[in-house]
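Colleague: Before we start, here is the structure in question, set down as structure tokens.
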Amino acid sequence: MLKLGVNIDHVATIRQARYATMLDSKNAEPDIVMAALAARRGGADSITMHVRGDRRHVQEEDVFRVKEACKLPINFEMASTAEMVAIALRLHPEFVCLVPENRQEITTEGGLDVSEQKETLRATVGALRDGGSKVSMFIDPEEEQVRASREIGADMIELHTGSFANSEGSIRKEELTRLAAAARVGSQLGLGVNAGHGINYDNLEELFGIPHLEELNIGHSIISRAVMIGIEQAVREMVVMMAGYGGEQ
Ligand code: PXP
């Protein structure tokens, strides 16, 4: 069965929008641990969090708190830097997904160029595997990148579905063909095959034709839907509480 890794980065994005400088405040919300527990109750198979170099959303302490409280496998997304390797070696997540990171980007924009950075990435993958994590490479669906991931000792690949999600018409068909071809090569090479980025409630089923998929990592669409289906209830609760106002006696 296809597994679901829920990316809860954007729960932290909302919290940071108000409390970035007051994380210890009793008012700091939403609580990322509560979000992870809710994802687990909903059927998530793992929790994904990306601590970025600029700490724009998830903070280091968030991942430790979620790992302690949630008891689902953690998929720790990170750039291949000494700082992040050190965090991963203290955290011991079940999975690490290596991603490119560019300070200007709004989200992870492209896959890792594994074939261009084999030596540095090999060292990172080795250190993380020695620390007990399974390591995934977030790559564009290109055979060269799949093969390079295998060569440097990765356990898995996560195929970047962003181009597929943003494409239309015949290009969209080509993107699906590329994803399927990359998944086949990955599986033939003995790599686990995951996918993620831009997957939503509308495009999910189009991915069902891609063979060998084990886990999808989905964040933005789930958090967006959670906001939309939750607003009515949240407003209702506030309205009920406000009805307690007595006014001037
Ligand atoms: N996988 C990776 C490697 C990512 O960087 C992201 C975005 O943080 C996702 C999956 C989830 O993408 P989305 O938020 O578009 O569902």
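The values are calculated or read from the model by the stated rules, or taken from the named source; none is laboratory data. These numbers come from a predicted model, not from an experiment. For neighbour counting, all protein chains shown are included, and Cβ atoms are generated from backbone atoms with ideal geometry for every residue, glycine included. Ligands, DNA and RNA are excluded from the accessible area calculation, which covers all protein heavy atoms including side chains. Shrake-Rupley method; radii C 1.70, N 1.55, O 1.52, S 1.80 Å.
Colleague: Given springs between every Cα pair under 10 Å in a Gaussian network model of the chain, which of ILE139, ILE229, ILE74 has the largest fluctuation?
Modeller: ILE229
Colleague: For region 37-79, what is one quarter of the convex hull surface built on the Cα atoms, given in nm²?
Modeller: Working: hull surface 11.8 nm².
It is 3.0 nm².
Colleague: Something else about it: What FRET efficiency would be calculated for the residue pair GLU232, PHE64, taking the C-beta separation as r and a Förster radius of 35 Å, to the nearest 0.05? Show your work: numbers first, answer last.
Modeller: On the way: r = 34 Å, r/R0 = 0.97.
Here the calculated transfer efficiency is 0.55.
Colleague: I would also like to ask the following. Could you sort MET241, MET84 by their accessible area in this structure, using a 1.4 Å probe and putting the largest first? Kindly include the intermediate steps, with their values, before the conclusion.
Modeller: Working: MET241 145, MET84 5 Å².
Result of the area sort, largest leading: MET241, MET84.
Colleague: In square angstrom, what is the accessible area per residue of region 47-173 with a 1.4 angstrom probe?
Modeller: Numbers: 5640 Å² over 127 residues.
I get 44 Å² per residue for region 47-173.
Colleague: Over the alpha carbons of the chain, what is the largest minus smallest coordinate on each principal axis, giving the biggest first in Å?
Modeller: So the three principal-axis extents are 76, 43, 34 Å.
Colleague: Which listed residue (GLN117, GLN145, MET228) has the Cα farthest towards the positive end of the charge dipole for the chain, taking +1 on Lys and Arg C-beta and -1 on Asp and Glu C-beta about the Cα centre?
Modeller: About the Cα centre, the residue reaching furthest to the positive side is MET228.
Colleague: Filter the chymotrypsin sites (Phe, Trp or Tyr not before Pro) in region 155-249 to those in DSSP coil with at most 16 other Cβ atoms within 10 Å of their Cβ, and list the result. Present the calculation step by step, with values, prior to reporting the outcome.
Modeller: Details: sites: PHE164, TYR201, PHE208, TYR245; in loops: TYR201, TYR245.
Those satisfying the criteria are TYR201, TYR245.
Colleague: Mean separation of Cα pairs under 8 Å and 6+ residues apart, divided by the residue count of the chain: what relative contact order is that in percent? Spell out each step's value before the answer.
Modeller: On the way: 416 pairs, mean separation 41.7, N = 249.
The value is 17 percent.
Colleague: Excluding residues fewer than 8 places away in the same chain, name every one of the lysines whose C-alpha is closer than 28 Å to that of LYS118.
Modeller: Answer for LYS118, where 28 Å is the Cα cut-off: LYS134, listed by chain and number.
Colleague: Can you pull the semi-axes for region 96-224, root of five times each eigenvalue of the Cα gyration tensor, sorted largest first, whole Å?
Modeller: Details: eigenvalues 110, 54, 37 Å².
Its equivalent ellipsoid spans semi-axes of 23, 16, 14 Å.
Colleague: If you don't mind, another one. What stretch of the chain, leaving out the sites themselves, is the longest with no GluC sites (Glu not before Pro) in a DSSP loop having at most 12 other Cβ atoms within 10 Å? Don't skip to the end; give the middle numbers.
Modeller: Details: sites that count: GLU105, GLU116, GLU168, GLU248.
The answer is 1-104.
Colleague: Using a ≥ b ≥ c from the Cα gyration tensor of region 1-100 (square roots of the eigenvalues), is it rounded, prolate or oblate, where a/c under 1.5 gives rounded and otherwise the larger of a/b and b/c decides, a/b for prolate? Show your work: numbers first, answer last.
Modeller: Values: a/c = 1.75, a/b = 1.09, b/c = 1.61.
Oblate.
Colleague: Given bins 5 angstrom wide, list per bin the percent of all Cα-Cα distances in region 1-46, short to long.
Modeller: Here the calculated profile for region 1-46 is 5, 22, 26, 18, 12, 10, 3, 2, 0.
Colleague: What does the charge dipole of the chain about its Cα centre add up to, to the nearest 20 debye, if the Cβ of each Lys and Arg holds +1 and the Cβ of each Asp and Glu holds -1? Display every interim value, and only then the final one.
Modeller: Numbers: 26 positive and 38 negative charges, 112 e Å.
With Lys and Arg at +1 and Asp and Glu at -1, about 540 debye.
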